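The values are calculated or read from the model by the stated rules, or taken from the named source; none is laboratory data. Keep in mind that what you see is a predicted model, and the values were worked out from it rather than measured. When we count neighbours, we look across all protein chains shown, and the Cβ atoms used for this are built from the backbone with ideal geometry, even at glycine. Remember, those area values only see protein heavy atoms, side chains included, never the ligands or the DNA or RNA. Shrake-Rupley method; radii C 1.70, N 1.55, O 1.52, S 1.80 Å.
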Amino acid sequence: MARPLPLLLLALGLAAAAKSPYQQVLQHSRLRGRQHGPNVCAVQKLIGTNRKYFTNCKQWYQRKICGKSTVISYECCPGYEKVPGEKGCPAALPLSNIYETLGVVGSSTTQLYSDRSNLRPEIEGPGSFTIFAPSNEAWASLSAETLDSLVSNVNIELLNALRYHMVDKRVLTDDLKHGTTLSSMYQNLPIQIHHYPNGIVTVNCARLLKADHHATNGVVHVIDKVIATTTNTIQQIIETEDSLETLRTAVAASDLSSLLESEGQYTLLAPTNEAFEKIPRETLNRILGDPEALRDLLNHHILKSAMCAEAIIAGLTMETLEGTTLDVGCSGEELTLNGKPIIANKDVLATNGVVHFVNELLIPDSAKTVFELAQESEVSKSTDLFRQAGLSSHLTGSEQVTLLAPVNNVFKDGLPVIDSNMRNLLLNHIVKDQLSSKYLYHGQKLQTLGDKELRVFVYRNNLCIENACIAAHDKRGRFGTLFSVDKMLTPPTGSVMDVLKADHRFSTLVAAIQSAGLTENLNRPGTFTVFAPTNEAFQAMPQGELNKLLGNAKELANILKFHVADEILVSGAVTALVRLKSMQGDKLEVSMKNNVIHINKEPVAESDIMATNGVIYAVNSVLQPQASRPQERGDEPADPALEIFKQASALSKVSQRNPRLAPVYSRILARMKENSGGF
């Protein structure tokens, strides 16, 4: 029975989606080359080398491989050839046996050695084989010693080497699944296959150059290296390599040996003895003596999947066994880790993965002290400050703490002088217990080593501890956590009234608060934001207006309440317009302009004066509620809508009786009466 058309289309779509990454990249190269004729593929070639790659969409537009520029060339796609006088590559390569095909696809050296080693009759005869044939350049790149050992004993060494490149069945790229192994025709020793999402396919870490060349008795894939057998696990490589002696000791102490000799596909970034020697002895001894830190250190060097160097043609992020990530990339011929070319020897193949030797130790945050975390980040100046204050011991030992470290920009004018007050302030930047910002909640209280209590404020776009807001993601170390904050912390020293009384700038305001009977309100526990007019603000008022205000307790209380909101808003929470409801009832508009806080469009003289029951902003003007502001000039109507209504003589009584217009008319009339004092 015929299949319904929608189901047929779905099946075709699924079939297309099931293409391997290699086939997808090849298809993209075909699309880019089709303007040059049938079966033409666009190929990116690294300038100054013979290295070529089929291009994916991202590479096509970037025109780079491993950060190096490429040129686009157009050549016949695998399996096709040119015909004189015709456009493109319209003809399929002639189908012949594997031996003949080797000469056609650029592996004539493999063809020659097949003849010398008496492999030729087998690959000319009947059967179904797959051969991963090294290119001519691959054979030429072998050391003279290696090549001599092969060709001097062609009937054994060379033949065995060639048979290790073969499989006794037909295997196409769609069958080359990532992380699988194939049994070679030499003692059934395994060949490791990796098929990466970027379309790169590797065979024992040799890159597939030209794939899927069909022959009458099998298929030929051209690879860029001569591959060798491997029988050692990662653990056995560690045990036999002299340059990994320190790593061997560390692995034994961490009980990771069983993992590294088990089945699987891992990448070990193996630190050499030289890498360990670069670490300060005190740091190294601390990690080696701490089983948990040592395990985190080693797991940070193990990737969850096998990653051959040839598969890396651009930067990518890979997860480690420790749960963190590493940025793996390349720059020309060099592999990079976190942007640094520290890989000394790459692609040492093991039966359970691949080993790259690295000449720098990759210490994860989880194995570092808080002091080490701070030294390596944008708060390094803070570490100098804590060290000068004699507080390093709290940040380098096993004490569980959280450091609130101001970013370097806070100290652009230099570090403050260390005295007893500054030392006490710095102690209040160290919170007892190891915290994580994602678990902090609004109103939470934190205890410091200076015996102060700090409040947590959670806002829409920021997370703040008192006046200091977190400026970067947490760094969680072995025993402590680093919070980078945007300013020095100022713990509260008393209630709002206590703070105002202690500051001579607010003496007039304090007298006004007492006169209005609001002292008790601002002394009680609460969450106030106070926009506190300075003495200068009161002096700027006309004398008559000031006398009238101070002589009317009810009006004075109303004005003062307009300066107070019943929620705490620190400056770090103001990234756009924020509206607060004042205790008087009207709204206050808080905004940020040119890094200065504004309240009702008036600049604030000083922000974030912290109190136990709120925060204070010093302002140099007395804010006026809407109803208390001076009347507008008569020739400049405050509300254009009212002016329009007054002039709308065409509004007839019929219109007023219209059920749709009547409510509008009533509301405008009411507003007119309010403005004229009619109510």
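Highest-first packing order for the peptide set 63-71, 191-199 is 191-199, 63-71, based on the mean count of other beta carbon atoms within 10 Å. Which number comes out as Rg/Rh for segment 93-223 once both Rg and the Kirkwood Rh are worked out on C-alpha atoms? Value, to two decimals: 0.94.
The mean sequence distance of close C-alpha pairs (under 8 Å, at least 6 residues apart), as a share of the length of the chain, puts its relative contact order at 7 percent. When the alpha-carbon atoms of segment 257-345 are used, the pair Rg, Dmax equals 13.9, 39 angstrom. Residues whose amide H comes within less than 5 Å of that of Cys77, counting only those at least five positions distant or on another chain, are Val40, Cys41 (H built at 1.01 Å from N in the peptide plane). What the phi angles of segment 344-358 give under the Karplus curve with 6.51, -1.76 and 1.60, with θ = phi - 60°, is a coupling list of 8, 8, 10, 6, 8, 7, 10, 5, 10, x, 9, 10, 10, 7, 10 Hz, glycine and proline written as x. Rolling a 1.4 Å probe over the protein heavy atoms gives segment 494-575 an accessible area of 45 Å² per residue. Per-peptide packing, taken as the mean over residues of other Cβ atoms within 10 Å, places 597-604, 308-315, 216-223 in the sequence 216-223, 308-315, 597-604 from highest down. Normalised per residue, the accessible area of segment 93-223 is 41 Å², obtained with a 1.4 Å probe and no contribution from ligands, DNA or RNA. Between segment 87-131 and segment 20-40, how far is it from one alpha carbon centroid to the other, in angstrom? Taking the Cα centre of each part, segment 87-131 and segment 20-40 sit 24 Å apart. Karplus-based coupling profile of segment 81-88, in residue order and whole Hz: 9, 6, 10, x, x, 10, 7, x, with θ = phi - 60° in 6.51 cos²θ - 1.76 cosθ + 1.60 and x standing for Gly or Pro.
Computed from backbone phi, the HN-Hα couplings of segment 153-163 come to 9, 5, 7, 10, 5, 5, 4, 4, 4, 5, 5 Hz, rounded to whole numbers (Karplus: 6.51 cos²θ - 1.76 cosθ + 1.60, θ = phi - 60°; Gly and Pro given as x). Around the amide H of Leu463, modelled in the peptide plane, lie the amide H atoms of Ile470, all under 5 Å away and 5 or more residues distant in sequence or on another chain. Segment 237-295 and segment 445-524 have Cα centres lying 47 Å from one another. Here, segment 442-572 has an Rg and a Dmax of 18.4, 65 Å when only alpha carbons are counted. Considered as an equivalent ellipsoid built on the Cα gyration tensor, segment 496-619 has semi-axes of 22, 16, 14 Å, the largest given first. Write down the Kirkwood hydrodynamic radius of segment 222-299, to one decimal in angstroms, obtained as one divided by the mean of 1/r over all alpha carbon pairs. Final number for the Kirkwood radius of segment 222-299 is 13.9 Å. The apolar share of the surface of the chain, taken as the fraction of accessible area on carbon and sulfur atoms (1.4 Å probe, ligands and nucleic acids excluded), comes to 50 percent.
Considering all alpha-carbon pairs of segment 368-485, what whole percent are spaced by more than 22 angstrom? Walk me through the numbers before you get to the answer.
Working: 1820 of 6903 pairs.
In whole percent, the long-distance tail amounts to 26.
Taking amide H positions as modeled 1.01 Å from N, with prolines and chain starts lacking one, the residues under 5 Å from His300 and 5 or more places away or on another chain are Glu322.
For the chain, the square roots of the Cα gyration tensor eigenvalues, ordered a ≥ b ≥ c, give a/c of at least 1.5 with a/b no greater than b/c, which places it in the oblate category. If you count only protein heavy atoms with a 1.4 Å probe, what accessible area per residue comes out for segment 21-84, rounded to a whole Å²? On a per-residue basis, segment 21-84 sits at 53 Å². Relative contact order of segment 469-545, taken over Cα pairs closer than 8 Å and 6 or more residues apart, is 23 percent.
Across all Cα atoms of segment 21-84, the radius of gyration (one decimal) and Dmax (whole number) stand at 11.5, 37 Å.
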